[in-house]
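**Q** What follows is a structure written as C-alpha cells; I'll ask about it next.
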Amino acid sequence: MTKRVFDLPAPFTDTARAKINLTLRIVGRRADGYHELESLVVFADLADTLTLEPAAHTSLDIAGPFAGAIDAASDNLVLKAFNALAALAPGLKGGRFRLDKNIPVAGGVGGGSADAAAALRLAARLNGISFDDARLMTAALRTGADVPVCFASRACVMTGVGERLSPPLPLPELPALLVNPRVGVPTRDVFAALAKSGSPKDSGPLGIVPRDAEGLIDYLRRHGNDLTAPAIFCAPVIGDVLKALEAQPGVRLARMSGSGATCLALFAKAAEAKAAEVALTARYPGWWAAATILNGK
C-alpha cells in the first residue's frame, strides 16, 4: 500500500543562536594543550536555521549568506555532532539536514557550535531522546568545546574547557550591534599569539553577575576579553572595528566576542543599535553588521 503524503513525517526545524562571550578570562593551559577559561556567555536573536527531514541516509545541504564560507563535508560540525551521538546511540535515525547559514564563519560567535548543538537537539527529537540524556552532552563535548553551552543556549558562566556550565542566569535584554569585518581568525592562531605575548593582566574571577542592566554594564567594564590583544595582532582590522563601534552615538560598551573577529557594542535602546548598523554599513560596506537583542525571549 502506498503511504499517503500527509502520513509522512514533517521536517523538524531548530534555531541555532549566535553565542556571545561578554567576558573571556584565560585561567591556564592544561597538559593536553587545551586552555582553561572562565566566560560569561549570552545568546543573540541572530541565528542560523537547521532543518532535519527524516531519510534513510544522513546528509547536509547549506544555503544562506555565509554558505560559501563552509562546505558540507563529513567534518562539518553538524555531521560531526550527529555521528558523535550515533556512536553512543546505535540505530540512531537521521536524514537530510539543511543549514541556512546567517552567522559569520570563524567569527568568534560560535556559529558552527550552535549548528552542532541544533543538530543534536533535532536528532534527539527525531529519536525520542530526552534532552537531559547524558549521551547528548557527551556527544556535544566530543564535537567541540563550545557545543555544550550552545546546546542549552541560555546565559550562563562557562568554565573548564567549556564543559562546566553554571545554572542559567536571568539576565536583562541588551540591545546590541554585532560587526564582523569579514575576516576569519582561526582560534589556534589567536592562542598562539597569546602564548607569545605572555599572560594578560588578570581581572580576577567573575564572581556574582548582576541581574540589572546598569549593574551588568558596570560589571562588564571590569571584566574584559583576554584574547582581544592577540586577536588584533592576528587581524589588525579588529582594532578598527572596535574604534568604529566606540564612536557610535549611545554606545555603552564595545568589545570583541570569543577569539574574534566579530565585535559587539551594547546600547540602551534597540533603535540606537539599529541606527549604528545603518551608519556603519554605509561607511564600511565591506563589513557585516547586524543589530540584535542579547538575552531575548
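**Q** Report the Rg/Rh value for the chain, based on alpha-carbon coordinates and the Kirkwood definition of Rh.
**A** Checking Rg against Rh, the ratio lands at 0.98.
**Q** Can you give the angle from 0 to 90° between the axis of helix 187-197 and the longest principal axis of the chain, with both taken from C-alpha atoms, to the nearest 10?
**A** 30 degrees
**Q** So for the pair residue 278, residue 134, with labels modelled 7 Å out along Cα→Cβ, what separation do we get in nm?
**A** About 5.4 nm, to one decimal.
**Q** Let me ask something additional. Sorted from fewest to most neighbouring beta carbons within 10 Å, what does the list 35, 57 look like?
**A** So the residues, fewest neighbours to most, are 57, 35.
**Q** Sticking with this structure for a sec: Starting from 0.36 nm per residue, how many nanometres of slack lie between residue 222 and residue 247 once their C-alpha separation is accounted for?
**A** So the chain would gain 7.0 nm between residue 222 and residue 247.
**Q** Expressed as an acute angle from 0 to 90° and rounded to the nearest 10, what is the orientation of the C-alpha long axis of helix 270-283 relative to the principal long axis of the chain?
**A** 80 degrees
**Q** Just to verify a number: FRET efficiency for residue 240 and residue 56, C-beta to C-beta distance, R0 = 35 Å, to 0.05?
**A** About 0.10, to the nearest 0.05.
**Q** May I ask for the angle, rounded to the nearest 10°, between helix 237-246 and the longest principal axis of the chain, with both axes built from Cα atoms and the value confined to 0 to 90°?
**A** 70 degrees
**Q** Moving to a separate point now. Past 26 Å, Cα to Cα, is the threshold; run 80/274; 101/196; 101/274; 101/243; 243/274; 19/274 against it and keep the listed order.
**A** Where the Cα-Cα span goes over 26 Å, the pairs concerned are 80/274; 101/196; 101/243.
**Q** Quick one: length gained pulling residue 196 to residue 32 fully straight, 0.36 nm per residue minus the C-alpha distance?
**A** Using 0.36 nm per residue and subtracting the Cα-Cα distance, I get 57.2 nm.
**Q** Something else now. Cα-Cα pairs above 18 Å in region 174-294: how many percent?
**A** When all Cα pairs of region 174-294 are counted, 53 percent exceed 18 Å.
**Q** Sorting 274, 80, 243 on the 10 Å Cβ count, fewest up front, what's the list? Please report the intermediate quantities before stating the final value.
**A** Numbers: 274 16, 80 20, 243 11.
In order of increasing Cβ crowding within 10 Å: 243, 274, 80.
**Q** Ranked from highest to lowest mean number of other Cβ atoms within 10 Å per residue, what is the order of the peptides 85-98, 251-264?
**A** Working: 85-98: 17.1, 251-264: 24.8.
Packing proxy ranking, top to bottom: 251-264, 85-98.
Since every read-out is calculated from the coordinates, none of them should be taken as a lab result. Everything quoted here is computed from the prediction, not taken from an experiment. When we count neighbours, we look across all protein chains shown, and the Cβ atoms used for this are built from the backbone with ideal geometry, even at glycine.
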